[in-house]
Amino acid sequence: MIGTWWELVIGAAVAVIATWAALVVALVVVRPRGGLLRESLRLLPDMLRLVRRLAADRDLPRGVRVRLWLLLAYLAFPIDLIPDFIPVLGYADDAIVVAAVLRSVVRRAGPAVVERHWPGSADGLAALVRLTGLHKRLP
């Protein structure tokens, strides 16, 4: 009986570690390339305000708003994939997750909606367009 209980605990721990490792690998795969990660860290406060404004916009499709609210819940949750006390990497995971969700939202909602809600500078918006890959779709 006790041996079975320990096997269950060890199995659950291995599953949690494997899931965490898979999520970290997913972050590495979807991370912005080149200097865009640095830009996303710099833009993080404006991106968070943008996410909040987009999530409150009732004109957006429900699926987009749900994604944004889930993102806000993830950011508010005190436990991260990589703890924030680890220099640079601690906040990089948040920036990568925000950038990945925004990439999906921008592609679905369109550039006009994002531009309307963008709280930062024109340079910041240009960086966001590069970060989300939207510049490849614009004429």
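Yes or no: the stretch 52-69 includes at least one residue that is at pLDDT below 70 and in contact with a helix residue (DSSP H, G or I) (Cβ under 7 Å, 6 or more places away or on another chain). If you could, list the steps in order and put the result at the bottom.
The initial filter retains those residues of the stretch 52-69 that are at pLDDT below 70, namely none.
No, every residue in the stretch 52-69 fails to be at pLDDT below 70 and in contact with a helix residue (DSSP H, G or I) (Cβ under 7 Å, 6 or more places away or on another chain).
Please tell me if Leu27 is touching an Asp or Glu at 6+ places or on another chain (Cβ under 9 Å), modelled with pLDDT under 70 and of a type in the set (A, V, I, L, M). Show your work before the answer.
Values: touching an Asp or Glu at 6+ places or on another chain (Cβ under 9 Å): yes; modelled with pLDDT under 70: yes; of a type in the set (A, V, I, L, M): yes.
For Leu27, the condition - touching an Asp or Glu at 6+ places or on another chain (Cβ under 9 Å), modelled with pLDDT under 70 and of a type in the set (A, V, I, L, M) - is met.
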Filter the stretch 78-120 for residues that are modelled with pLDDT of 80 or more, surrounded by fewer than 16 Cβ atoms within 10 Å (Cβ to Cβ) and among the hydrophobic types (A, V, I, L, M, F, W, C) and give the result. Ala112
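The values are calculated or read from the model by the stated rules, or taken from the named source; none is laboratory data. If you're wondering where the values come from, they're calculated on a predicted model, not measured in any experiment. Methodologically, a virtual Cβ is constructed for each residue, glycine included, from the backbone with ideal geometry; neighbour enumeration extends over all protein chains shown.
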